[in-house]
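The values are calculated or read from the model by the stated rules, or taken from the named source; none is laboratory data. Just so we're clear, the structure is a prediction, and the values are computed from it rather than from any experiment. Here the Cβ positions follow ideal geometry from the backbone for every residue, glycine too, while neighbour counts run over all protein chains shown.
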Amino acid sequence: MSNLPAVTDSDFKTTVLESDKPVLVDFWAEWCGPCRQVAPILEEIAREHGDKMSFVKMNVDENPVTPAGYRVTGIPALNVYKGGELVKSIVGAQPKAALLNQLSDYIGT
């Protein structure tokens, strides 16, 4: 589905919360059509801006603890974490231009 690295409940803290740069977590599921639409857009943004921000994905069906802890109730949910804190939440599929606009504070566009 997506070529972004996967993160799990067990490694979320070290991979995301303890990262030295902002991390976008794509909360998704196999059965989610809009998740499949946004995946290639996120891969493109990750290729273009991966030096400033990390991009990972989390399957909500396989990893229920973390999404519940951050009150992820709709997917795709794109959460940005910086310094161990949730700093932005984007729910629903959006076109690339809209995502870049939403992420501009973290990727410097």
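One table, with the values for the structure above:
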item: First in the stretch 5-26 and under 17 Å from residue 86 (Cβ atoms), second anywhere and among the aromatic types (Phe, Trp, Tyr) and assigned to a helix (DSSP H, G or I), Cβ under 7 Å, 6 or more apart; result: 22/106
item: Residue match in the stretch 70-78 (condition: within 18 Å of residue 21 (Cα to Cα), at pLDDT 95 or above and over 13 Å from the mean Cα position of the chain (by Cα)); result: no
item: Looking only at the stretch 47-67, and only at residues there that are part of a helix (DSSP H, G or I) and β-branched (Val, Ile, Thr), the one that is surrounded by the most Cβ atoms within 10 Å (Cβ to Cβ); result: 66
item: Residue within the stretch 25-34 that is loosely packed, with under 14 Cβ neighbours inside 10 Å, touching an Asp or Glu at 6+ places or on another chain (Cβ under 8 Å) and not aromatic (Phe, Trp, Tyr) present; result: yes
item: Pair list, Cβ under 9 Å, 6 or more apart: the stretch 67-78 residue touching a residue at least 12 places away in the same chain (Cβ under 8 Å), other residue of a type in the set (D, E, K, R) and buried (at least 19 other Cβ atoms within 10 Å of the Cβ); result: 75/26; 76/26; 77/26; 78/26
item: Selection count, the stretch 68-87, where residues are closer than 8 Å to residue 27 by Cβ and in a strand (DSSP E or B); result: 3
item: Criterion violated by residue 1 - all others in (1) buried (at least 19 other Cβ atoms within 10 Å of the Cβ); (2) modelled with pLDDT under 95 satisfied; result: (1)
item: Some residue of the stretch 35-46 being touching a Phe, Trp or Tyr at 6+ places or on another chain (Cβ under 6 Å), not in a helix (DSSP H, G or I) and not basic (Lys, Arg); result: no
item: Some residue of the stretch 86-105 being of a type outside the set (Gly, Ala, Ser) and closer than 20 Å to residue 8 by Cβ; result: yes
item: Residue within the stretch 72-84 that is of a type in the set (A, V, I, L, M) and surrounded by fewer than 19 Cβ atoms within 10 Å (Cβ to Cβ) present; result: no
item: Meets criteria (at pLDDT 95 or above, within 12 Å of the chain's Cα centre (by Cα) and not aromatic (Phe, Trp, Tyr)) for residue 67; result: yes
item: Near pairs, Cβ below 7 angstrom, 6+ apart or cross-chain, from the stretch 93-109 (closer than 13 Å to residue 44 by Cβ) to any residue that is charged (D, E, K, R) and assigned to a loop (DSSP other than H, G, I, E, B); result: 107/52
